[in-house]
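Take a look at the structure below.
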Amino acid sequence: MKHAESRIGKAVFARLLKGEDLLEAVTQAATESKIHAGFFFLIGTLKSAKLGFYQDGKYLPIEMQQDLEIVSCLGNISIKEGKAFPHAHLAVSDEAGRVSGGHAMPGCIIGATAELVMVEAQGLKMTRQLDKTTNLSLLAFFESAKKSGKRR
């Protein structure tokens, strides 16, 4: 196991708008708020969802073209290829309350609205690096400012 520690920094609250792509909106909020490491949660609705199920080095798509309630969306923020990168898992329910879930993929389109809360991991640098064994971009931790003796 690899790990790093940080203090909690700022909290950012945002409302995502109808028609926005969930991951693009979270990326934009993280970029504008200068959050390079942290976590987030989100509630709201989708008009369509694209989820992924990881198997044998790739994500198998699960697509839902209907109104959905976001039961839970949890994720983290890191840096990938020099840009803010949200990694999230999403559980959604249909009108009958049936729940589906998986890895949030581009193509999750906001319905009426969504509410985002992001929390910064202050003084921590996290990036993603391709792991050839799994074919996934996995977290790579760098020393926190606390451990390296640097002050922010």
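Given the options 124, 130, name the one that is over 23 Å from residue 18 (Cβ atoms), modelled with pLDDT under 95 and surrounded by 16 or more Cβ atoms within 10 Å (Cβ to Cβ). Before the answer, list the steps.
Working: 130 fails: surrounded by 16 or more Cβ atoms within 10 Å (Cβ to Cβ).
Just a single option satisfies the conditions, and that option is 124.
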Q: Hand me the list of strands (runs of 3 or more DSSP E) wholly inside the stretch 25-85 holding 2 or more residues that are surrounded by 19 or more Cβ atoms within 10 Å (Cβ to Cβ).
A: 38-55, 68-80
Q: Look at the stretch 66-96 and say how many of its residues are on the phi > 0 side of the Ramachandran plot and among the acidic types (Asp, Glu).
A: 1
**Q.** Of all residues making up the stretch 17-42, the number that are out of contact with any Pro (no Cβ under 8 Å at 6 or more places or on another chain), under 27 Å from residue 123 (Cα atoms) and at pLDDT 95 or above
**A.** 14
Q) Which ones in the stretch 90-121 are buried (at least 21 other Cβ atoms within 10 Å of the Cβ) and β-branched (Val, Ile, Thr)? A) 92, 110
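The values are calculated or read from the model by the stated rules, or taken from the named source; none is laboratory data. Note that the coordinates shown come from a computational prediction; the quantities given were computed from them, not determined experimentally. As a convention, Cβ positions derive from the backbone with ideal geometry for all residues, glycine included, and neighbour counts pool all protein chains shown.
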